[in-house]
1. How large is the dipole of the range 5-115 about the Cα centre if only Lys and Arg carry +1 and Asp and Glu carry -1, each at its Cβ, rounded to the nearest 20 debye?
2. Place +1 on the Cβ of every Lys and Arg and -1 on the Cβ of every Asp and Glu in the range 5-115, take the dipole about the Cα centre, and give the residue among Ile64, Met110, Val28 whose Cα lies farthest towards its positive end.
3. What per residue convex hull volume, in Å³, do the alpha-carbon atoms of the range 5-115 yield?
4. Which Cα, out of Asn18, Thr84, Val6, lies furthest along the positive dipole direction of the range 5-115 (beta carbon charges, K/R +1, D/E -1)?
5. Kindly state, as a whole number, the per residue volume in cubic angstrom of the convex hull around the alpha carbon atoms of the range 45-91.
6. Tell me, what ³J(HN,Hα) does each residue in the range 63-77 have, in order and in whole Hz, if you take phi through Karplus 6.51 cos²θ - 1.76 cosθ + 1.60 with θ = phi - 60° and put x for Gly and Pro?
Amino acid sequence: MKPPVVIDNERKLEKLVNKLKKETLLGVDTESDSYYSYQDRICIIQISTQEEDYVVDNIALKNIEALRTIFENRKIEKIFHDCTNDIAGLKADFGFHCKNLFDTAIAWRMISGEHRGLAFLL
């Protein structure tokens, strides 16, 4: 497995957005500092395509507005696991209104009636 591509400057972010615009399916996860601060914020966004994994370091970037076109694009399906906090954080921190989501946690609960973590599903 290849290591993820770290996106930590505007040039890399622009190249990433241009690549992601051509995709129809993305895996997405966010990580925040909620365990370490009173007012949590998203620190990184992990985005995966079929071929590549990316880690967007929005602390280094400071402005990730370019990703709005990806998260709000209805033609690109975004797959999350238990996305409640991810979606709330993306809206609160960046004003993104995510469109076309699939939550594997909800799908699993509908099929089985059980609550399971992502590791179980993989």
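1. Around 560 debye, computed over the range 5-115.
2. Ile64
3. Spread over its residues, the Cα hull of the range 5-115 gives 108 Å³ apiece.
4. Of the candidates, Asn18 comes out farthest on the positive side.
5. It is 96 Å³ per residue.
6. 9, 10, 3, 4, 6, 3, 4, 7, 5, 9, 7, 5, 7, 10, 7
Coordinate-derived values only; no laboratory data. Here the structure is a predicted model, which is why all the values come from computation and not from measurement. Neighbour counts run over all protein chains shown; Cβ positions are idealised from the backbone, glycine included.
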